[in-house]
1. Taking the condition of a type outside the set (Gly, Ala, Ser), more than 14 Å from ligand 1 (Cβ to nearest atom) and open to solvent by less than 20 Å² (accessible area, probe 1.4 Å), does Met368 pass?
2. Would you check if Ser378 is without any contact (Cβ under 8 Å) to a residue 24 or more places away in the chain, assigned by TED's automatic domain parsing to the domain that holds Gly414 and more than 16 Å from ligand 2 (Cβ to nearest atom)?
3. Looking only at residues that are touching a residue at least 40 places away in the same chain (Cβ under 8 Å) and within 23 Å of Ala170 (Cβ to Cβ) in region 244-256, which one is surrounded by the most Cβ atoms within 10 Å (Cβ to Cβ)?
4. Restrict the check to region 344-353 and report whether at least one residue is within 16 Å of ligand 2 (Cβ to nearest atom), in contact with a His (Cβ under 9 Å, 6 or more places away or on another chain) and outside the structural domain of His234 (by TED's automatic domain parsing).
5. Can you name the strands (runs of 3 or more DSSP E) wholly within region 337-403 that have at least 1 residues being closer than 29 Å to Pro276 by Cβ?
6. From the list Glu370, Glu424, Glu383, which residue is free of Cβ contacts under 8 Å to residues at least 60 places away in the same chain, within 16 Å of ligand 2 (Cβ to nearest atom) and not assigned by TED's automatic domain parsing to the domain that holds Glu195?
7. Report those helices (runs of 4 or more DSSP H) wholly inside region 257-331 carrying at least 1 residues which are hydroxyl-bearing (Ser, Thr, Tyr), within 16 Å of ligand 1 (Cβ to nearest atom) and open to solvent by less than 10 Å² (accessible area, probe 1.4 Å).
8. Quick one: is Phe294 in the same structural domain as Asp241 (by TED's automatic domain parsing) and within 14 Å of ligand 2 (Cβ to nearest atom)?
Amino acid sequence: MAEHAGRRCCLGWDFSTQQVKVVAVDAELNVFYEDSVHFDRDLLEFGTQGGVHVHEDGLTVTSPVLMWVQALDIILEKMKASGFDFSQVLALSGAGQQHGSVYWKAGASQVLASLSPDLLLHEQLQPSRTLLRVPPSGISPWDVMPPGDAGKACFSISDCPVWMDSSTTAQCRQLEATVGGAQALSCLTGSRAYERFTGNQIAKLYQQNPEAYSHTERISLVSSFAASLFLGSHSPIDYSDGSGMNLLRIQDKVWSQACLGACAPHLEEKLGLPVPSCSVVGAISSYFVQRYGFPPGCKVVAFTGDNPASLAGMRLEEGDIAVSLGTSDTLFLWLQEPTPTLEGHIFCNPVDPQHYMALLCFKNGSLMREKIRDELASSSWSEFSKALQSTEMGNCGNLGFYFDVMEITPEIIGRHRFSAENHECLRRRFWPPEEHLTTETSCRPCSWNRCALFRGCEVSPKSQISCCPNPRSVSGKRPSEFIRGICIVKINYVLFSKRSTRPSSSGMPYLSRGS
Ligand SMILES: Nc1ncnc2c1ncn2[C@@H]1O[C@H](COP(=O)(O)OP(=O)(O)O)[C@@H](O)[C@H]1O
Ligand SMILES: O=C(CO)[C@@H](O)[C@H](O)COP(=O)(O)O
């Protein structure tokens, strides 16, 4: 019997950009099981790169909804095969990449409520697609699925817009104009209109594909979609992830009628009522009880966005700033009073509904670092780290910005390098490769610092910068390398804070948790 049998536990799930991950945590908070399915590597048939499809316009970015479902099927089957004792799971919850949306077709709720334990989830939620594929067992799905059920697809669109999408500028301007401008929208919803925010994505879908919109019974975020799979019914959107839609009034936690009306008709009924992020949304569906042996009383706690989940999971306190390096790089902190501006985001706090969190998101994160690693460090993270260690901290004042895709904060594209004397270095050959790596990892903290202060964050002598492996990362394949990569950023951050002569940041004692 596997060593993880018979241990009472909770499961935590993460549906992020590049993978689905799971951890099992026991009563002493020990993680004793973890696993992941990587979309590009493990689900080749979907043909994603970095978990997404970038469309021809270079702006539209989507992920196949069925890929997420199939990834969940694969992990659960692996857990079962390894002898994981599902009967000991008391509760589960999870996180999803923020802003992405899933469109459930009319009739989906019946399918969710009557899933057969003899079939995998993806075989039942989009059977018409399954029929196109040869099942590994060689048995035709027609043998197990009544022909009448074929084509009962649960999704109005198969490719879901995700957070990397930036195709909704027109819808953003419309929404801002409706509520009295960008600042007015920010005061109401915590953010000016951002292309990736779900309200603007819904408006685009309604305008470009009204038929699909009208056939949609429910719109979920990636987080509430994942919770719905476990619940066997539509799970509500939580306040914290709901704040990433440009639709939720962050002060009173209800949908803004003005914003809903500006995006699409009948939207409130398709979204359902939002709930506090710590809500128990129900018990696990009978499908999981019968197929995997979960106890019928296993609680499903509302899923939330991956960044809010990280704020909760890292037990941030006021004055702490967390930096998370994943597909996106984010900086977030706990706030008591929101001060919405035109830069960055204020979300409802996932732990205390009276409080808030501030977040900055950068698109040129790990995928950008991977490119630099491939170009200059023989595609090896250890080479990358070695080169970094060989350069002087602060890179003698040389600074580089690497934005191969249009950045979110600030809106800029291109690679730009400046010497200590503030001259732009147009020709790469003037810099040795190690210096590119150093600037790639160090320029971002300057931007974090500036933006965090913009958000009204009070940095006191007690404040801590927690630079750690992405707290959502549980794939665990290379934990030590990962930690090394992130630590370098920590050191550079400290260096830049000390060297800065700007009054906003000079002399501030940044301490890392570990030191
Ligand atoms: N040793 C390392 N140093 C820096 N980055 C790494 C290292 N190992 C993996 N990564 C990066 O981590 C990214 C995955 O981070 P993760 O937070 O798990 O992604 P997601 O956004 O899907 O949750 C990959 O894109 C990879 O480039
Ligand atoms: O857009 C944002 C936050 O506003 C991103 O941080 C997404 O939440 C994607 O998360 P990862 O997959 O990079 O973890």
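1. Taking the combined requirement at face value, the residue does not satisfy it.
2. Yes; evaluated as a whole, the condition is true for this residue.
3. Top of the filtered list is Asn246.
4. Checking region 344-353: at least one residue is within 16 Å of ligand 2 (Cβ to nearest atom), in contact with a His (Cβ under 9 Å, 6 or more places away or on another chain) and outside the structural domain of His234 (by TED's automatic domain parsing).
5. Answer list for region 337-403: 345-348, 356-362.
6. Just one listed residue meets the conditions, Glu370.
7. Per the criteria, 306-313.
8. Criteria not met by Phe294.
The values are calculated or read from the model by the stated rules, or taken from the named source; none is laboratory data. Because the structure is a prediction, the values reported are computed rather than measured. With ideal geometry, Cβ positions are generated from the backbone for all residues, glycine too; neighbour counts draw on all protein chains shown. Heads up: the accessible areas ignore ligands, DNA and RNA and are worked out on the full protein's heavy atoms, side chains in. Shrake-Rupley method; radii C 1.70, N 1.55, O 1.52, S 1.80 Å.
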